[in-house]
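So the structure is just underneath, and the comments pick up after that.
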């Protein structure tokens, strides 16, 4: 967790800079992260003994994100992209002489692409943000930036709160088969921190701050689940980090794992509860 907090201190400002520039910069960050993260994902899957198509997988992930990044009139839609990918990957898997191997390659390749492409919901979140009330404190920032702030700062608050409280209080641990350092105290601390930050952002966008009692726990729990999901993948592969691209902090997947689960949660909230 310490590494996550330290890296957040470096990467959150970079994300905020991209956010300040606008949607094109955010799209570039997401595309680069998806490409690098998918390469790391397939390396981990291979190390865990799950064969895949490591060339086609990143292409599928990139296609999903690219479709989300296109103007609304040019998109073919995520379900159609997945359907086409399902067919193409099946055709490629037919080359395996053993049907069981082909089926495993087909399933694992599609899973790896869908897993990392979840980051594309960052773009969907910005596109579905709508507008803010004119008297909202963050009205000058704009709806797409304000809601993305909720995602970025909420995840960061969860990581920071979980680390600080977990380190200070200690106590019983949970999910030790996936990550031995997680404690229930840290979980509660992270959820509380995420809820407080969510309340502040909701106030800033002109929404009822009490909505943070729903958004905060959902966002924090999703961030924690994303972390544990990547830990399961690394444990299966016998790896400490997803890669070595970031000295002292592992790979790209280590830095985006929480957002892979948190981004669709916030995108769903904005789509259903706000618009």
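Any read-out appearing in this document is the output of simple, stated calculations on the displayed coordinates, not a laboratory observation. Bear in mind that the values here come from a model prediction, so they are computed numbers and not experimental data. Here the Cβ positions follow ideal geometry from the backbone for every residue, glycine too, while neighbour counts run over all protein chains shown.
Compute the Rg/Rh shape ratio of the stretch 2-274: radius of gyration over Kirkwood radius, all on alpha-carbon atoms.
Working: Rg = 19.0 Å, Rh = 19.3 Å.
Checking Rg against Rh, the ratio lands at 0.98.
Could you sort the peptides 228-238, 18-28 by per-residue average Cβ neighbour count (10 Å cutoff), highest mean leading?
228-238, 18-28
Please give the calculated 222 nm ellipticity per residue for the chain, where each DSSP H segment of at least 4 residues contributes -39500 (n - 2.57) and the sum is spread over every residue; nearest 500 deg cm²/dmol?
-24000 deg cm²/dmol
What percent do you get for the relative contact order of the stretch 2-274 when only Cα pairs under 8 Å and 6+ apart count?
Once divided by the residue count of the stretch 2-274, the mean separation gives 22 percent.
Counting other C-beta atoms within 10 Å, which of 227, 101, 135 has the fewest, and how do the rest follow?
Sorted ascending by nearby Cβ count, the order is 135, 101, 227.
What angle, in degrees between 0 and 90 and rounded to the nearest 10, separates the Cα long axis of helix 78-93 from the longest principal axis of the Cα atoms of the chain?
So the inclination is approximately 30 degrees.
Using alpha carbons only, how many degrees (0 to 90, rounded to 10) separate the axis of helix 252-269 from the longest principal axis of the chain?
60
How long, wide and thick is the stretch 174-231, going by the Cα atoms along their three principal axes, in whole angstroms, largest first?
42, 20, 13
Where the centroid of each part is defined by its Cα atoms, how far is the stretch 33-85 from the stretch 217-275 in Å?
16
Regarding the stretch 149-275, what's the average projected area of the Cα-atom convex hull, expressed in nm²?
Taking a quarter of the hull surface, the average projection is 8.1 nm².
Compute the helix-to-body angle for 23-47: its Cα long axis versus the longest principal axis of the chain, expressed 0 to 90° and rounded to tens.
For 23-47 against the chain, the angle is about 50 degrees.
Can you order the peptides 52-61, 169-178, 259-268 by their average number of other Cβ atoms within 10 Å per residue, highest first?
Averaged packing, sorted descending, gives the order 259-268, 52-61, 169-178.
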